[in-house]
Amino acid sequence: MLAREHRENLERFGYVKLDSYYRKHELEALKVEFESLIDQFYNETELLKHSVYPSDTSDSRVSHAMMISEGQSSFPKVEHGEYQQIDAFLQDQNRLLSELTGHKVAPGSRSLLNYQNYFSGSKPVGEHFDGEYLRADKEQDGIEFNLIEGILPRFVGVLVVENQNEGKGVELIDHKHHHVYSPRLHEGDLVLFDNIRLRHRVPTMEKPRISVGLRNFDHIPLHFARTENDFLPGAEYRSIPEGFVSEDADCQARFHRYMSEEWPLIKDSYSSYV
């Protein structure tokens, strides 16, 4: 459970840092299990299903992302049941999310498990929301991009597995108050942040860093629209610096439509996930 000071920090700043959330042997188990999960599921079949997301692989960074859930889902995901530490991490995340939202996370509610391995001199990751990018435009620099329409999880958790950069890593941007938070995150620390209130990015890493993130795409998500042209019928929207979000839009129906009508047309060229 979150302590009172954790809740106060989340309310005041939009994020909270949980020191030494995982111990060394748990971090090692996560790393081993995720690399095994990658070997098992990172293939063209799963990419075309949209249960795993495109990998960003270069000389300085490797990232992988895939959907998992505690129970069965009508949406694409991979089966992770044999990976005990990953399953424990997912259950931890869902307990925190249930506590924060006041609603129990359904067993079939999927979370995106994201593994980021940065090497020395890795390129930065541009400022972004985490979410299902239904439509987005990437800038010519290959780093920054503009989200046009998406389904956004309310909270994001990032666990640091290794970090040789004196805690440097995630930067959280509060556009409303024109402020950037740079929490120092060391091995075993978890940062949990409000994905609607804050954007995030990763600067160039001078030394190696590994992180594992989780964000639940199906538990009370918000619909994002850059302009009013993409509002869903019958939904109420409010303005944020980057566009508009709706808390009552039917994101499940929107994603069903995306998977049945839009995904088949773009799946062979899909490459927009960061």
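Worth pointing out:
- Point-charge dipole on Cβ atoms (K/R +1, D/E -1) for the chain, about Cα centre, debye to 20: 480 debye
- Among the protein heavy atoms of the stretch 83-193, carbon and sulfur supply 46% of the accessible surface, probe 1.4 Å, non-protein parts ignored.
- Dipole magnitude for the stretch 84-163: about 300 debye, using +1 per Lys or Arg Cβ and -1 per Asp or Glu Cβ, origin at the Cα centre.
- Each peptide among 218-227, 252-261, 76-85 gets the average number of other Cβ atoms lying within 10 Å of its residues, and from highest to lowest they stand as 218-227, 76-85, 252-261.
- Spacing of the two label points (7 Å from each Cα toward its C-beta) at residue 262 and residue 45, in nm: 2.8 nm
- Whether the stretch 13-115 is rounded, prolate or oblate, judged on the alpha carbon gyration tensor where a/c under 1.5 counts as rounded: oblate
- Prolate/oblate/rounded call for the stretch 115-274, Cα gyration tensor, a/c under 1.5 rounded: prolate
- Among the chymotrypsin sites (Phe, Trp or Tyr not before Pro) in the stretch 105-135, those placed in a DSSP loop whose Cβ has at most 15 other Cβ atoms within 10 Å are 119.
- Relative contact order of the chain, defined on C-alpha pairs under 8 angstrom at six or more residues apart (%): 21 percent
- Dipole check for the stretch 99-228: with +1 at the C-beta of Lys and Arg, -1 at the C-beta of Asp and Glu, and the Cα centre as origin, the magnitude is about 140 Debye.
- Accessible surface, the stretch 55-101, averaged per residue in Å² (probe 1.4 Å): 41 Å²
- Of the GluC sites (Glu not before Pro) found in the stretch 144-204, those in coil by DSSP whose Cβ has at most 11 other Cβ atoms within 10 Å are 166.
- Of (i) -0.40, -1.28, -1.42; (ii) -0.50, -1.24, -1.32; (iii) -0.38, -1.43, -1.68, the label for log10 I(q)/I(0) by the Debye sum over Cα atoms at q = 0.09, 0.16, 0.17 Å⁻¹ derived from the coordinates: (iii)
The values are calculated or read from the model by the stated rules, or taken from the named source; none is laboratory data. Owing to the predicted nature of the structure, the values given are computational and were not obtained by experimental measurement. Note that we place each Cβ from the backbone using ideal geometry, even for glycine, and neighbour counts take in every protein chain shown. We work out accessible area using only protein heavy atoms, side chains counted, and drop any ligands, DNA or RNA first. Shrake-Rupley method; radii C 1.70, N 1.55, O 1.52, S 1.80 Å.
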